Amino acid sequence: MAPAHVQRVERPRKRGRPLTYEEKWMVQHVFETLEQEHNTEASLQGDDPYTLTSTYTGVARSLVARITPAVRPTGTVPVSPLLGNRHQPTTMPFVAEGQIRDLVFEKHRQGTVCHAKHVQALLKESLGLAVHARTIQRHVRRMGFCGVRTKNRPRSLREKAEVRQHRHDDLYALRRNRQRPPDERYQVIYVDESLRHHHHGGQYSWCSENDFVERMRGKGRRWCFIQAMQHTGLLAGTLLACEAKHGTGAYHTQFDGAMFQWWVTMQCLRNVPPRSLMILDRCPLHTVGSDALVPSQLSKGDLRQWLTARGIVWEEQWLRARLLEEMDR
(Lines give C-alpha, C1' and ligand atoms only; values in the text may rest on other atoms or scores of the structure.)
Protein backbone atom coordinates (compact mmCIF):
# COMPACT_ATOMS: atom_id res chain seq x y z
CA MET A 1 0.00 0.00 0.00
CA ALA A 2 1.45 3.40 -1.00
CA PRO A 3 2.16 6.06 1.66
CA ALA A 4 -0.42 8.83 2.08
CA HIS A 5 2.02 11.64 1.17
CA VAL A 6 3.14 9.97 -2.11
CA GLN A 7 1.15 11.22 -5.11
CA ARG A 8 0.45 8.65 -7.75
CA VAL A 9 1.36 9.80 -11.26
CA GLU A 10 0.76 8.23 -14.62
CA ARG A 11 3.44 5.80 -15.67
CA PRO A 12 5.84 7.45 -18.15
CA ARG A 13 6.13 4.37 -20.34
CA LYS A 14 3.82 1.72 -21.70
CA ARG A 15 3.56 -1.49 -19.72
CA GLY A 16 5.44 -4.38 -21.23
CA ARG A 17 7.93 -2.30 -23.21
CA PRO A 18 11.53 -3.18 -22.28
CA LEU A 19 13.70 -0.47 -20.76
CA THR A 20 16.26 1.24 -22.92
CA TYR A 21 19.91 1.65 -21.92
CA GLU A 22 19.35 5.25 -20.67
CA GLU A 23 16.22 4.28 -18.74
CA LYS A 24 18.08 1.53 -16.91
CA TRP A 25 20.76 4.01 -15.82
CA MET A 26 18.03 6.39 -14.68
CA VAL A 27 16.56 3.65 -12.49
CA GLN A 28 20.02 2.94 -11.08
CA HIS A 29 20.66 6.62 -10.21
CA VAL A 30 17.27 6.93 -8.49
CA PHE A 31 17.97 3.79 -6.48
CA GLU A 32 21.43 5.00 -5.41
CA THR A 33 20.00 8.34 -4.24
CA LEU A 34 17.20 6.72 -2.25
CA GLU A 35 19.55 4.12 -0.79
CA GLN A 36 21.96 6.84 0.36
CA GLU A 37 19.15 8.81 1.99
CA HIS A 38 17.85 5.66 3.63
CA ASN A 39 21.28 4.83 5.14
CA THR A 40 22.41 8.31 6.21
CA GLU A 41 19.26 10.21 7.10
CA ALA A 42 16.30 9.50 9.31
CA SER A 43 13.85 8.81 6.54
CA LEU A 44 10.20 9.29 7.34
CA GLN A 45 9.18 6.85 4.66
CA GLY A 46 8.96 3.26 5.81
CA ASP A 47 9.39 1.65 2.41
CA ASP A 48 12.73 0.27 1.30
CA PRO A 49 14.70 1.85 -1.60
CA TYR A 50 13.51 -0.81 -4.04
CA THR A 51 9.84 -0.03 -3.46
CA LEU A 52 10.42 3.74 -3.55
CA THR A 53 12.38 3.44 -6.80
CA SER A 54 9.52 1.46 -8.31
CA THR A 55 7.03 4.09 -7.15
CA TYR A 56 8.97 7.08 -8.48
CA THR A 57 10.05 5.60 -11.82
CA GLY A 58 7.04 3.46 -12.70
CA VAL A 59 9.21 0.34 -13.07
CA ALA A 60 8.29 -2.94 -11.46
CA ARG A 61 10.09 -3.69 -8.19
CA SER A 62 11.29 -7.05 -9.54
CA LEU A 63 12.93 -5.26 -12.47
CA VAL A 64 14.65 -2.82 -10.11
CA ALA A 65 15.93 -5.78 -8.11
CA ARG A 66 17.43 -7.25 -11.29
CA ILE A 67 19.11 -4.05 -12.49
CA THR A 68 20.78 -2.80 -9.32
CA PRO A 69 22.63 -6.00 -8.25
CA ALA A 70 24.14 -6.28 -11.73
CA VAL A 71 25.75 -2.81 -11.55
CA ARG A 72 27.84 -3.53 -8.45
CA PRO A 73 30.01 -6.40 -9.84
CA THR A 74 30.09 -5.26 -13.50
CA GLY A 75 29.91 -1.46 -13.29
CA THR A 76 27.17 -1.26 -15.93
CA VAL A 77 23.51 -2.07 -16.30
CA PRO A 78 22.54 -5.49 -17.72
CA VAL A 79 22.55 -5.61 -21.49
CA SER A 80 19.50 -6.38 -23.55
CA PRO A 81 19.09 -9.74 -25.30
CA LEU A 82 20.82 -10.16 -28.64
CA LEU A 83 19.00 -9.54 -31.88
CA GLY A 84 17.26 -12.51 -33.39
CA ASN A 85 15.13 -15.35 -32.10
CA ARG A 86 17.97 -17.61 -30.98
CA HIS A 87 16.79 -18.39 -27.46
CA GLN A 88 14.29 -21.07 -28.53
CA PRO A 89 15.92 -23.11 -31.31
CA THR A 90 13.71 -25.41 -33.31
CA THR A 91 13.96 -29.15 -32.74
CA MET A 92 14.54 -29.90 -36.42
CA PRO A 93 16.63 -27.17 -38.14
CA PHE A 94 16.17 -26.43 -41.81
CA VAL A 95 19.67 -27.64 -42.63
CA ALA A 96 18.64 -31.13 -41.52
CA GLU A 97 15.89 -31.46 -44.13
CA GLY A 98 18.35 -31.68 -47.02
CA GLN A 99 20.40 -34.31 -45.22
CA ILE A 100 17.28 -36.34 -44.41
CA ARG A 101 16.13 -36.21 -48.03
CA ASP A 102 19.56 -37.30 -49.31
CA LEU A 103 19.64 -40.17 -46.80
CA VAL A 104 16.23 -41.51 -47.87
CA PHE A 105 17.09 -41.28 -51.57
CA GLU A 106 20.48 -42.95 -51.07
CA LYS A 107 18.93 -45.80 -49.09
CA HIS A 108 16.32 -46.25 -51.79
CA ARG A 109 18.95 -46.36 -54.55
CA GLN A 110 20.90 -48.97 -52.60
CA GLY A 111 17.77 -51.08 -52.16
CA THR A 112 17.96 -51.03 -48.36
CA VAL A 113 15.40 -50.14 -45.72
CA CYS A 114 15.25 -46.62 -44.27
CA HIS A 115 13.10 -45.64 -41.28
CA ALA A 116 13.07 -43.19 -38.38
CA LYS A 117 15.97 -44.84 -36.55
CA HIS A 118 18.32 -44.21 -39.48
CA VAL A 119 17.27 -40.54 -39.53
CA GLN A 120 17.72 -40.37 -35.76
CA ALA A 121 21.28 -41.70 -36.07
CA LEU A 122 22.03 -39.19 -38.85
CA LEU A 123 20.89 -36.24 -36.75
CA LYS A 124 22.89 -37.48 -33.77
CA GLU A 125 26.07 -37.95 -35.81
CA SER A 126 26.00 -34.87 -38.05
CA LEU A 127 24.23 -32.24 -35.92
CA GLY A 128 24.47 -33.64 -32.39
CA LEU A 129 20.68 -33.62 -31.95
CA ALA A 130 18.87 -36.17 -29.82
CA VAL A 131 15.39 -36.18 -31.38
CA HIS A 132 12.66 -38.61 -30.42
CA ALA A 133 11.66 -41.14 -33.05
CA ARG A 134 8.03 -40.03 -32.98
CA THR A 135 9.05 -36.44 -33.68
CA ILE A 136 11.08 -37.62 -36.66
CA GLN A 137 8.12 -39.59 -38.00
CA ARG A 138 5.87 -36.54 -37.88
CA HIS A 139 8.53 -34.36 -39.50
CA VAL A 140 9.27 -36.68 -42.43
CA ARG A 141 5.52 -37.04 -43.02
CA ARG A 142 5.28 -33.25 -43.36
CA MET A 143 8.22 -33.38 -45.78
CA GLY A 144 6.22 -35.63 -48.11
CA PHE A 145 7.49 -39.08 -47.10
CA CYS A 146 5.46 -42.10 -46.05
CA GLY A 147 6.10 -45.67 -44.99
CA VAL A 148 5.70 -48.16 -47.86
CA ARG A 149 5.67 -51.91 -47.25
CA THR A 150 6.71 -54.30 -50.02
CA LYS A 151 6.13 -58.05 -50.24
CA ASN A 152 9.50 -59.22 -48.97
CA ARG A 153 10.72 -56.16 -47.07
CA PRO A 154 9.52 -54.27 -43.98
CA ARG A 155 8.12 -50.77 -44.10
CA SER A 156 10.54 -48.16 -45.44
CA LEU A 157 10.44 -44.41 -46.05
CA ARG A 158 9.61 -43.32 -49.58
CA GLU A 159 8.20 -40.22 -51.17
CA LYS A 160 4.47 -40.12 -51.61
CA ALA A 161 3.23 -41.02 -55.08
CA GLU A 162 1.47 -37.69 -55.58
CA VAL A 163 4.63 -35.78 -54.62
CA ARG A 164 6.70 -37.69 -57.17
CA GLN A 165 4.05 -37.21 -59.85
CA HIS A 166 3.81 -33.46 -59.28
CA ARG A 167 7.59 -33.11 -59.42
CA HIS A 168 7.82 -35.12 -62.63
CA ASP A 169 5.06 -33.05 -64.28
CA ASP A 170 6.79 -29.80 -63.34
CA LEU A 171 10.22 -30.95 -64.49
CA TYR A 172 8.91 -32.22 -67.83
CA ALA A 173 7.05 -28.95 -68.41
CA LEU A 174 10.20 -26.93 -67.67
CA ARG A 175 12.24 -29.15 -69.97
CA ARG A 176 9.75 -28.74 -72.81
CA ASN A 177 9.91 -24.98 -72.34
CA ARG A 178 13.73 -24.97 -72.47
CA GLN A 179 13.69 -27.04 -75.66
CA ARG A 180 11.67 -24.40 -77.49
CA PRO A 181 13.39 -21.92 -79.84
CA PRO A 182 14.57 -18.75 -78.06
CA ASP A 183 11.85 -16.60 -79.65
CA GLU A 184 9.11 -19.03 -78.54
CA ARG A 185 10.44 -19.76 -75.06
CA TYR A 186 8.47 -18.60 -72.01
CA GLN A 187 10.12 -16.66 -69.18
CA VAL A 188 9.79 -18.57 -65.91
CA ILE A 189 8.16 -16.60 -63.07
CA TYR A 190 8.03 -18.01 -59.52
CA VAL A 191 5.32 -16.95 -57.06
CA ASP A 192 5.38 -17.67 -53.34
CA GLU A 193 4.23 -16.30 -49.99
CA SER A 194 6.00 -16.00 -46.67
CA LEU A 195 5.83 -14.21 -43.32
CA ARG A 196 8.04 -12.21 -40.98
CA HIS A 197 7.47 -11.10 -37.40
CA HIS A 198 8.06 -7.45 -36.60
CA HIS A 199 10.65 -7.97 -33.84
CA HIS A 200 12.54 -10.90 -35.35
CA GLY A 201 16.06 -10.25 -36.58
CA GLY A 202 18.70 -12.29 -38.27
CA GLN A 203 21.60 -13.92 -36.55
CA TYR A 204 23.95 -11.40 -38.14
CA SER A 205 22.88 -7.77 -38.49
CA TRP A 206 24.45 -4.44 -39.35
CA CYS A 207 24.50 -3.38 -35.67
CA SER A 208 27.87 -3.37 -33.93
CA GLU A 209 28.48 -4.43 -30.34
CA ASN A 210 28.65 -0.82 -29.12
CA ASP A 211 25.29 0.18 -30.59
CA PHE A 212 22.50 0.55 -28.04
CA VAL A 213 19.75 -1.34 -29.82
CA GLU A 214 16.83 -2.67 -27.80
CA ARG A 215 15.04 -5.78 -29.07
CA MET A 216 11.39 -5.75 -28.06
CA ARG A 217 10.04 -8.68 -26.11
CA GLY A 218 8.04 -11.21 -28.04
CA LYS A 219 7.73 -11.66 -31.79
CA GLY A 220 5.56 -8.61 -32.38
CA ARG A 221 3.11 -8.14 -35.21
CA ARG A 222 3.02 -10.69 -38.01
CA TRP A 223 3.50 -9.50 -41.58
CA CYS A 224 2.57 -11.67 -44.57
CA PHE A 225 3.77 -10.88 -48.07
CA ILE A 226 3.63 -12.30 -51.58
CA GLN A 227 5.81 -11.45 -54.57
CA ALA A 228 6.82 -12.75 -57.99
CA MET A 229 10.45 -13.40 -58.87
CA GLN A 230 12.74 -14.61 -61.63
CA HIS A 231 16.15 -16.25 -61.55
CA THR A 232 17.66 -12.76 -61.93
CA GLY A 233 15.83 -11.25 -58.94
CA LEU A 234 12.50 -9.95 -57.65
CA LEU A 235 10.01 -8.35 -60.04
CA ALA A 236 9.32 -4.70 -59.30
CA GLY A 237 5.74 -3.73 -58.52
CA THR A 238 4.60 -7.23 -57.50
CA LEU A 239 5.06 -6.97 -53.72
CA LEU A 240 1.93 -7.21 -51.58
CA ALA A 241 2.37 -7.06 -47.79
CA CYS A 242 -0.31 -6.98 -45.10
CA GLU A 243 -0.57 -7.46 -41.36
CA ALA A 244 -1.89 -10.86 -40.34
CA LYS A 245 -5.00 -11.10 -38.20
CA HIS A 246 -3.58 -14.02 -36.21
CA GLY A 247 -0.11 -14.31 -34.71
CA THR A 248 0.01 -18.12 -34.85
CA GLY A 249 -0.90 -20.88 -37.25
CA ALA A 250 -0.13 -21.39 -40.92
CA TYR A 251 0.44 -18.14 -42.75
CA HIS A 252 -1.50 -19.44 -45.76
CA THR A 253 -4.71 -18.84 -43.81
CA GLN A 254 -3.96 -15.11 -43.64
CA PHE A 255 -4.48 -14.88 -47.41
CA ASP A 256 -7.60 -16.05 -49.19
CA GLY A 257 -8.54 -16.81 -52.75
CA ALA A 258 -10.10 -13.38 -53.33
CA MET A 259 -6.94 -11.56 -52.20
CA PHE A 260 -4.76 -13.79 -54.35
CA GLN A 261 -6.98 -13.22 -57.40
CA TRP A 262 -6.85 -9.47 -56.80
CA TRP A 263 -3.05 -9.58 -56.53
CA VAL A 264 -2.73 -11.59 -59.74
CA THR A 265 -5.06 -9.27 -61.66
CA MET A 266 -4.01 -5.86 -60.33
CA GLN A 267 -0.31 -6.30 -59.61
CA CYS A 268 1.23 -9.46 -60.99
CA LEU A 269 -0.10 -9.55 -64.57
CA ARG A 270 0.58 -5.86 -65.03
CA ASN A 271 4.27 -6.17 -64.18
CA VAL A 272 5.34 -9.56 -65.55
CA PRO A 273 7.00 -9.61 -68.99
CA PRO A 274 5.14 -11.04 -72.00
CA ARG A 275 5.21 -14.79 -72.64
CA SER A 276 5.72 -15.70 -68.98
CA LEU A 277 5.30 -19.11 -67.35
CA MET A 278 4.17 -18.77 -63.72
CA ILE A 279 5.09 -21.56 -61.30
CA LEU A 280 3.01 -21.90 -58.10
CA ASP A 281 2.81 -24.41 -55.30
CA ARG A 282 -0.38 -26.24 -54.38
CA CYS A 283 -1.39 -24.27 -51.30
CA PRO A 284 -5.17 -23.82 -50.78
CA LEU A 285 -5.39 -20.19 -51.94
CA HIS A 286 -3.82 -21.12 -55.32
CA THR A 287 -6.30 -23.93 -55.99
CA VAL A 288 -9.61 -22.21 -55.20
CA GLY A 289 -12.14 -23.18 -57.85
CA SER A 290 -14.69 -20.93 -59.48
CA ASP A 291 -17.42 -22.65 -57.45
CA ALA A 292 -15.70 -23.23 -54.12
CA LEU A 293 -18.78 -23.96 -52.01
CA VAL A 294 -19.30 -26.19 -49.01
CA PRO A 295 -22.78 -27.72 -49.40
CA SER A 296 -23.10 -28.56 -45.71
CA GLN A 297 -22.72 -24.86 -44.83
CA LEU A 298 -25.37 -23.58 -47.26
CA SER A 299 -28.84 -22.67 -46.13
CA LYS A 300 -32.00 -24.01 -47.71
CA GLY A 301 -32.51 -20.83 -49.73
CA ASP A 302 -28.91 -20.91 -51.01
CA LEU A 303 -29.32 -24.52 -52.10
CA ARG A 304 -32.47 -23.65 -54.05
CA GLN A 305 -30.69 -20.68 -55.65
CA TRP A 306 -27.72 -22.85 -56.62
CA LEU A 307 -29.97 -25.47 -58.25
CA THR A 308 -32.01 -22.83 -60.09
CA ALA A 309 -28.90 -21.13 -61.48
CA ARG A 310 -27.87 -24.44 -63.07
CA GLY A 311 -31.27 -25.32 -64.47
CA ILE A 312 -31.94 -28.14 -62.02
CA VAL A 313 -35.62 -28.60 -61.18
CA TRP A 314 -36.55 -28.84 -57.52
CA GLU A 315 -39.88 -29.06 -55.72
CA GLU A 316 -41.24 -26.76 -53.03
CA GLN A 317 -41.81 -29.52 -50.45
CA TRP A 318 -38.20 -30.73 -50.58
CA LEU A 319 -36.36 -30.50 -47.31
CA ARG A 320 -32.72 -29.45 -46.96
CA ALA A 321 -31.49 -33.05 -46.96
CA ARG A 322 -33.25 -33.71 -50.27
CA LEU A 323 -31.76 -30.53 -51.77
CA LEU A 324 -28.28 -31.61 -50.68
CA GLU A 325 -28.82 -35.00 -52.29
CA GLU A 326 -29.84 -33.34 -55.55
CA MET A 327 -26.83 -31.03 -55.41
CA ASP A 328 -24.43 -33.93 -54.89
CA ARG A 329 -25.95 -35.82 -57.78
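Summary table
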read-out: Subset of the stretch 114-139 (residues that are surrounded by 15 or more Cβ atoms within 10 Å (Cβ to Cβ) and part of a loop (DSSP other than H, G, I, E, B)); value: 114, 115, 129, 131
read-out: Residue within the stretch 26-45 that is modelled with pLDDT of 75 or more, under 34 Å from the mean Cα position of the chain (by Cα) and in a helix (DSSP H, G or I) present; value: no
read-out: Of all residues making up the stretch 140-188, the number that are part of a helix (DSSP H, G or I) and of a type outside the set (A, V, I, L, M, F, W, C); value: 15
read-out: Residue in the stretch 113-121 that is touching a strand residue (DSSP E or B) at 6+ places or on another chain (Cβ under 9 Å) and closer than 20 Å to residue 165 by Cα present; value: no
read-out: The stretch 148-159 - residue that is surrounded by 12 or more Cβ atoms within 10 Å (Cβ to Cβ) and over 28 Å from the mean Cα position of the chain (by Cα) and, of those, nearest to residue 95 (Cα to Cα); value: 156
read-out: Residues that are over 12 Å from residue 192 (Cα atoms), at pLDDT 85 or above and aliphatic (A, V, I, L, M), drawn from the stretch 206-244; value: 235, 236, 241
read-out: Residue among 101, 109, 178, 142 that is surrounded by 13 or more Cβ atoms within 10 Å (Cβ to Cβ) and charged (D, E, K, R); value: 101
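The values are calculated or read from the model by the stated rules, or taken from the named source; none is laboratory data. The structure displayed is predicted, hence computed values, not measured ones. Neighbour counts run over all protein chains shown; Cβ positions are idealised from the backbone, glycine included.
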